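A quick write-up on the structure given underneath.
The values are calculated or read from the model by the stated rules, or taken from the named source; none is laboratory data. Small disclaimer: the values here were computed from a predicted structure and weren't measured. Note: ideal-geometry Cβ built from the backbone for every residue, glycine included; neighbour counts use all protein chains shown. Accessible surface areas use protein heavy atoms only, side chains included; no ligands, DNA or RNA. Shrake-Rupley method; radii C 1.70, N 1.55, O 1.52, S 1.80 Å.
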Amino acid sequence: MRGPGLAMVKGGGDEADSAPRRGRPRSVETTNAILESAYALMAATGLAATTIDAIARHSSVSKMTIYKWWPSREALLIDAFLHHASQMLPLPPESSGTPAARTRRDAAAYAEALQDEFGKVQLAVISECISKTGSAELFYARYLQFRRDALVQMIAAGQKDGSILAEGQPEDLYDAIYGSLFYRYVFGIAPFTPAFARTMVDLVLRPKD
């Protein structure tokens, strides 16, 4: 199972590749209103109550517009989650330290976020995808893949410059870190803290710094 690090957004604009269908271009303001309303409803009332009707009322946007811009309710919920994630957990920039230090910072922030409503919403969205489609592929394609790829590249860069001593495939190292964090979160296994996440990064990556 691929661990959902925050992982967690596609392209330079930190938004999912959910391009509108035919028709006039999207309004950024309207798009943000829809995404923020969807996330607020998921966090406050749960996924079952976060219907297209409810999102339309909350955002003051017509259902027709929402249906034009998203292929399914599940896609909208994922995009709402990743929109919030991109603001709450931006990927650490190259200027913020070595690859290991940046991975450590990201993992700690992810562990902290999971302990709040963010974790509950993430788990609910994944469960919704599985119950509706039979797999978490939609969640991976629209949210996790970009974050995972970016962090895998970060780990690979550290192996290349010698600041990360672990010799495994960077994809496996990423999964070992974030899969462990997600596993502990889902099953309530302690310790589960930002400090533990930093320790996990050090154990897996064996950084020189």
When restricted to Ala197, Ala156, the only residue within 22 Å of Gly119 (Cβ to Cβ), within 21 Å of the chain's Cα centre (by Cα) and assigned to a helix (DSSP H, G or I) is Ala197
With respect to Lys68, determine if the residue is modelled with pLDDT of 90 or more, in contact with a helix residue (DSSP H, G or I) (Cβ under 9 Å, 6 or more places away or on another chain) and open to solvent by 10 Å² or more (accessible area, probe 1.4 Å). no
Condition set within 18 Å of the chain's Cα centre (by Cα) and aromatic (Phe, Trp, Tyr), scope segment 172-194, selection most open to solvent (accessible area, probe 1.4 Å): answer is Tyr183
Flagged in segment 56-76 as within 14 Å of Val125 (Cβ to Cβ) and outside any loop (DSSP other than H, G, I, E, B), in numbering order, are Arg73, Glu74, Ala75, Leu76
Worksheet entry | Some residue of segment 89-105 being over 21 Å from Leu138 (Cα atoms), open to solvent by 10 Å² or more (accessible area, probe 1.4 Å) and acidic (Asp, Glu) | yes
request  = Please indicate, with yes or no, whether at least one residue in segment 104-125 is modelled with pLDDT of 90 or more, under 30 Å from Ala48 (Cβ atoms) and of a type in the set (Phe, Trp, Tyr).
outcome  = yes
Restricting segment 135-158 to residues that are farther than 21 Å from Arg105 by Cβ and in contact with an Asp or Glu (Cβ under 8 Å, 6 or more places away or on another chain), the one least open to solvent (accessible area, probe 1.4 Å) turns out to be Arg142
Within segment 119-134, residues open to solvent by less than 40 Å² (accessible area, probe 1.4 Å) and either not polar (S, T, N, Q) or not in a helix (DSSP H, G or I) (or both) come out as Gly119, Val121, Ala124, Val125, Ile126, Glu128, Cys129
Condition met for Asp116 (surrounded by fewer than 14 Cβ atoms within 10 Å (Cβ to Cβ), more than 12 Å from the chain's Cα centre (by Cα) and of a type outside the set (A, V, I, L, M)): yes
### Message
Would you confirm whether or not segment 139-146 contains a residue that is of a type in the set (Gly, Ala, Ser) and farther than 30 Å from Pro71 by Cα?
### Response
no
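Let's see how each residue does on (1) of a type in the set (Ser, Thr, Tyr); (2) under 25 Å from Leu47 (Cβ atoms):
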site: Ala101; (1), (2): no, no
site: Ala107; (1), (2): no, no
site: Asp116; (1), (2): no, yes
site: Ile130; (1), (2): no, yes
site: Tyr140; (1), (2): yes, yes
site: Val152; (1), (2): no, no
site: Gly158; (1), (2): no, no
